[in-house]
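Chemist: One structure follows; several queries about it will come next.
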Amino acid sequence: MKIICDWENCKEQGSYKAPVERDNIRKYRLLCLKHIKIFNKNWNYFENMNNDEIEYFLKSDLTWHKSTKSFGSSENFFNLLWNNALEDKLNIFKTTGFKDFQKSNLSTKEKDAFDILELKYSAKWLEIQQKFKYLVKKYHPDKNQGSKKYEDKLKKITLAYSQLKMNLGKK
Ligand SMILES: [Zn+2]
């Protein structure tokens, strides 16, 4: 049976999972490629989180959830993001709406994000995506014999990526 994209009035096939709520991968809508792109552009995990909450996120094992479960079954948005990167599907995050930064207007947060991703401040959005994909592959437990020793690093990378994604999307 063909699953139809959940987007209003869309008749395309729904092949991509879009989370409905934070940290709950079981609740998702299936969208077509066009609409998952729009969804990803607008979705920001850290939206409405204050600094304390973000700090808590960095320290907690929220991203991996229940330790009894295998890594792959963790129920959160990050696994979608990381799995997409691992499976080389990151182009679903590509949108035409992103503009390059006004370099002189970089905030401290944005500069930090570039530093974490080991990118020059002049990096273009495409480079940011490629670097993110590269780093996820490098630090993901699946690529390190299941070891989570790079957990903190991977989280910071994801936070940085989200930061840039959010700001690029707005400018
Ligand atoms: Zn659609």
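Chemist: Looking at ILE116, ILE157, can you tell me which residue is surrounded by 16 or more Cβ atoms within 10 Å (Cβ to Cβ), modelled with pLDDT of 80 or more and more than 13 Å from the chain's Cα centre (by Cα)? Steps first, answer last, please.
Modeler: Values: ILE157 fails: more than 13 Å from the chain's Cα centre (by Cα).
None of the others qualify; the one that does is ILE116.
Chemist: Test LYS165 against the stated conditions and say whether it is modelled with pLDDT under 85, within 17 Å of TRP82 (Cα to Cα) and exposed (fewer than 13 other Cβ atoms within 10 Å of the Cβ).
Modeler: Details: modelled with pLDDT under 85: yes; within 17 Å of TRP82 (Cα to Cα): yes; exposed (fewer than 13 other Cβ atoms within 10 Å of the Cβ): no.
No: the conditions fail for LYS165.
Chemist: Scan the stretch 138-149 for residues that are surrounded by 14 or more Cβ atoms within 10 Å (Cβ to Cβ) and either outside the structural domain of TRP82 (by TED's automatic domain parsing) or modelled with pLDDT of 85 or more (or both) and jot them down.
Modeler: Result: TYR139, single match.
The values are calculated or read from the model by the stated rules, or taken from the named source; none is laboratory data. Note that the structure is predicted; figures quoted are calculated from it, not measured. Here the Cβ is made from the backbone with ideal geometry for all residues, glycine too, and neighbour counts use every protein chain on show.
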